[in-house]
C-alpha cells in the first residue's frame, strides 16, 4: 500500500476525507521518487478514484495502466471535512453526515479483496489514503489503526504464518 503524495490539505493540517484536494509540488516529487523502486515481482496497480491517489499512481508508474477501485476511497468525515485535523473525533465515533469506522473497514476489505483477486500472482500495489491504510492495519490483525502513515512511502503487509507484519517495502 502507498499513501498518496502530500496534498494541500496535508500541508495545511486540514481534513481532506472525500474533499478532492490536489497534490502539492512536494507530493508530486515524492511520487516521482518512487519510480526508482525495484519491485521484487510483477506488479498490478490499483488506486482510489480520488485525484490525489490517481495522480500519485500515474507519477509513480508513468505510462502503466492501473485500475481504480472505489472502495479504496478515503473516509467521509462529514461535518469535519476541510476543518483542522486537531478537531477530528475518535475514529470509533461516526461523524455527522459521515461514514462509520466499521463501515469503512468493511468497504476497505472489499476493495483489498477485489485488488487481490484481479492481481492474481502479481504483487497488488494499492495507492490510497491514510484512513484506508489504517483500516487495513485492523484487517491485518493489528490492535490499533496506528499513526498516520507517511506520504508516498510503500508499506508491505508480510504474512508471518500466524499474522501480518507491517514493514517498509524494501
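Listing for the model above:
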{"read-out": "Value of [θ]222 nm, deg cm²/dmol, for the chain, DSSP H segments ≥ 4, -39500 (n - 2.57) each, nearest 500", "value": "-9500 deg cm²/dmol"}
{"read-out": "Which of 166, 103, 25 has the fewest Cβ neighbours within 10 Å, and the rest in rising order", "value": "25, 103, 166"}
{"read-out": "Length-normalised contact order of region 84-154 in % [C-alpha pairs under 8 Å, at least 6 apart]", "value": "22"}
{"read-out": "Computed E for residue 147/residue 42 - FRET, C-beta separation, R0 30 angstrom, nearest 0.05", "value": "0.45"}
{"read-out": "Fluctuation leader among 73, 92, 130 - the chain, Gaussian network, Cα springs under 10 angstrom", "value": "92"}
{"read-out": "For the chain, built as a Gaussian network whose Cα springs stay under 10 Å, the top-fluctuating residue of 135, 40, 16", "value": "40"}
{"read-out": "Average Cα contact separation per residue, region 2-168, under 8 Å, 6 or more apart, as relative contact order %", "value": "28"}
{"read-out": "Ascending count of other beta-carbon atoms within 10 Å, so fewest first, for 46, 156", "value": "156, 46"}
{"read-out": "Descending semi-axes in Å of region 120-170, equivalent ellipsoid built from Cα gyration tensor", "value": "16, 15, 10"}
{"read-out": "Which label in (i) 45, 44, 29; (ii) 60, 25, 25; (iii) 43, 40, 23 gives the computed Cα extents along the principal axes in Å", "value": "(iii)"}
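Where a number appears in this text, it was derived from the coordinates with a stated rule and is not lab data. Predicted model, so just to flag it, every value in this text is computed and none were measured. Positions of Cβ are generated from backbone atoms using ideal geometry, with glycine treated the same way; all protein chains shown enter the neighbour counts.
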